[in-house]
Amino acid sequence: MLMLFAPLSLFAQQKFGHVDIDNVMQSMPEYTAAVQELEKLGKQYEQELTSSQTELQRLAEEYEKTKSTLSATQQQEKEADLQEKYQRITEQAQQNQQAFQRAQQEKIAPIQQRIMQAIEAVGRAGGYVYILQKGSLPYINDSISKDVTSDVKAQLAKK
């Protein structure tokens, strides 16, 4: 009978933790700086795209006003030119989106890596079996799992 309850008592002695990674990340000055840089970059891309779209709209309106004075060949050339400009704007938008995603990855990945290293250090130092991300599971029992968010923040402050 003792052999049946031995695994349960061992399980009860194990330490489990959970961490609010979003809270940790938002408390980091480098994350705040990265977000600000990304917002600035996003606004720059948005302004470029808006400017291109405004120019295309102006050209399309100009074409509509002068369309009746143009020959069929000139109309086809203008329409082809407008279509080409529209295609370039579409490609520009896609390229901007890809560039923004790369910038996001470049800025955020090192921060996430530092957080993971801090979580690992807290886990080793505290003898935790698991440290789970809060919010990634439907339920975490706070009576058997310690919130180590502040410990992770303290670990990050050491570096």
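The values are calculated or read from the model by the stated rules, or taken from the named source; none is laboratory data. Worth saying up front: this structure is predicted, and the values here are computed from it rather than measured. Note that we place each Cβ from the backbone using ideal geometry, even for glycine, and neighbour counts take in every protein chain shown. Just so you know, the surface numbers come from the protein's heavy atoms only, side chains and all, with ligands and any DNA or RNA stripped out. Shrake-Rupley method; radii C 1.70, N 1.55, O 1.52, S 1.80 Å.
Of the complete DSSP H runs in the chain, those spanning 15 angstrom or more by Cα along the long axis with a mean Kyte-Doolittle score not below -1.0 are 2-13. Each label was represented as a point 7 Å from its Cα along the Cα-to-Cβ direction; for Tyr139 and Ser27 these points are 2.8 nm apart. Accessible surface of the chain, 1.4 Å probe: 53 percent of it comes from carbon and sulfur atoms.
Excluding residues on the same chain fewer than 8 positions from Lys40, give the aspartates and glutamates whose Cα lies under 17 Å from its Cα. Excluding near neighbours in sequence, the set is Glu30, Glu48, Glu106. Extending 7 Å from the Cα toward the beta-carbon at both Arg58 and Lys85 defines two label points whose distance is 0.9 nm.
Counting other Cβ atoms within 10 Å, which chymotrypsin sites (Phe, Trp or Tyr not before Pro) in region 116-146 have at most 15 and lie in a DSSP loop? Answer in residue order: Tyr139.
Excluding ligands, DNA and RNA, the accessible surface per residue across the chain is 72 Å² with a 1.4 Å probe. Dipole size of the chain about its Cα centre, with +1 on Lys/Arg Cβ and -1 on Asp/Glu Cβ: approximately 800 debye, rounded to the nearest 20.
Put simply, when 147-157, 71-81 are sorted by average Cβ atoms within 10 angstrom per residue, most first, you get 147-157, 71-81.
So who's got an amide H within less than 5 Å of the one on Leu132, skipping anything under 5 residues away but keeping other chains? H placed 1.01 Å off N, in plane. Long-range HN contacts for Leu132: Gly17, His18, Val19. The structure-derived value of Kirkwood radius over Cα pairs in Å appears in the list [x] 16.0; [y] 24.0; [z] 20.7 under the label [z]. Computed from the C-beta positions of Gln94 and Lys15 and an R0 of 41 Å, the FRET efficiency is 0.30 to the nearest 0.05.
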